[in-house]
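Heads up, the thing below is written out as structure tokens.
The values are calculated or read from the model by the stated rules, or taken from the named source; none is laboratory data. No experiment lies behind these values; they were computed from the predicted model shown. Cβ atoms come from the backbone with ideal geometry, glycine included; neighbour counts cover every protein chain shown. Accessible surface areas use protein heavy atoms only, side chains included; no ligands, DNA or RNA. Shrake-Rupley method; radii C 1.70, N 1.55, O 1.52, S 1.80 Å.
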Amino acid sequence: MDDPDGLAAALAGRRVVTSPRGDLLRLSFHYYNDVSDVDALLGALRDLRG
């Protein structure tokens with residue numbers, strides 16, 4: 001996807017927190033994340049790709 005800022009905004013609307021960094025989108029996982037968080041991210045990206 002070509003617009004990290006737009007993607008971050010779209011993901012935020014789905015309660016997925018990211019951080020646009022120039023041409024990239026940063027995702028940070030930590031000990032409190034689990035498989036359901038990864039599934040939510042992947043599902044949101046799938047939906048947004050259309």
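Scanning the stretch 8-23 for residues that are part of a helix (DSSP H, G or I) and either modelled with pLDDT under 95 or touching a helix residue (DSSP H, G or I) at 6+ places or on another chain (Cβ under 7 Å) (or both), we see that the one that is most open to solvent (accessible area, probe 1.4 Å) is ALA10.
For ALA44, the test of being of a type in the set (A, V, I, L, M), assigned to a helix (DSSP H, G or I) and touching a helix residue (DSSP H, G or I) at 6+ places or on another chain (Cβ under 7 Å) is passed. When ARG26 is tested against the conditions (1) charged (D, E, K, R); (2) open to solvent by less than 100 Å² (accessible area, probe 1.4 Å); (3) at pLDDT 95 or above, the lone failure is (2). Selection of first residues in the stretch 9-33 that are over 17 Å from LEU48 (Cα atoms) and among the polar types (S, T, N, Q) and of second residues that are loosely packed, with under 11 Cβ neighbours inside 10 Å and modelled with pLDDT of 95 or more, restricted to Cβ pairs under 6 Å at least 6 apart or on distinct chains, gives an empty result.
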